[in-house]
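Below is one structure, written out as structure tokens; comments come after it.
The values are calculated or read from the model by the stated rules, or taken from the named source; none is laboratory data. Worth saying up front: this structure is predicted, and the values here are computed from it rather than measured. Here the Cβ positions follow ideal geometry from the backbone for every residue, glycine too, while neighbour counts run over all protein chains shown. In case anyone asks, the SASA skips ligands and DNA or RNA and just uses the protein heavy atoms, side chains included. Shrake-Rupley method; radii C 1.70, N 1.55, O 1.52, S 1.80 Å.
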Amino acid sequence: METTLPTDPMAESDKYITETVLRERARLRSFIRKRMPDANEAEDVLQEVFYELVEASRLPEPIEQVGAWLFHVARNRIVDRFRKKKEQQLPLAEEQDEDDGGLDDLLPLADAGPEAAYARGVLLAALHDALDELPPKQRDVFIAHELERRSFKELAAESGESINTLLARKRYAVLHLRQRLQEIYDEFDV
């Protein structure tokens, strides 16, 4: 039931923007809130996403699958916020199993002493830099699956791409990140 945002007269565009905001606000707020610990920051991200929707509606190209586009923009804004706060721990889904091997399992414990805290900071900074080097589609799949703990089935349904395509993108991202971070892991003997 997704609609395409029209590029027609402003009044009709305003109507579609209003309808889209009313339809997607609750789902989008919930999505953002699950990934951001601060409610005020989550609300700021939500407003940024809707601002980008208004700006994009002024472009000559219509937005296909507006709902998916909004979630994509939201995910990018969340990642941007965490990149700005490199000292802050990356978000992980609350429903992560104890034996599910998340990012924290790969990093030295922050409270294991100054050397471990320094190694953790260096690794997180290198991870952010390595993520920036990835093509956007590979980066998005990696972040969604590994950091946001979303399933490939959910990602495929949202993006309209096959699970195999998403798996291949994640595989290339992982290979790049391993190669890029191996020297640091070796240096710190992590």
(message) List pairs: first residue in region 28-50 and within 19 Å of residue 63 (Cβ to Cβ), second residue open to solvent by 80 Å² or more (accessible area, probe 1.4 Å) and at pLDDT 85 or above anywhere in the structure, Cβ distance under 6 angstrom, at least six positions apart or on different chains.
(response) 46/29
(message) Could you check region 160-182 and list, in sequence order, the residues that are open to solvent by 50 Å² or more (accessible area, probe 1.4 Å), small (Gly, Ala, Ser) and touching a helix residue (DSSP H, G or I) at 6+ places or on another chain (Cβ under 7 Å)?
(response) 162
(message) Against the conditions (1) closer than 26 Å to residue 161 by Cβ; (2) in contact with a Pro (Cβ under 9 Å, 6 or more places away or on another chain), where does residue 37 fall short? Just the number, please.
(response) (1)
(request) Considering every residue within region 10-18, establish whether at least one is open to solvent by less than 70 Å² (accessible area, probe 1.4 Å) and at pLDDT 80 or above. (result) yes
(message) I'm checking my understanding of the structure. Among residues of region 108-146 that are part of a loop (DSSP other than H, G, I, E, B) and modelled with pLDDT of 60 or more, which one is most open to solvent (accessible area, probe 1.4 Å)?
(response) 111
(message) Exactly one condition in (1) at pLDDT 85 or above; (2) open to solvent by 80 Å² or more (accessible area, probe 1.4 Å) is false for residue 45; which is it?
(response) (2)
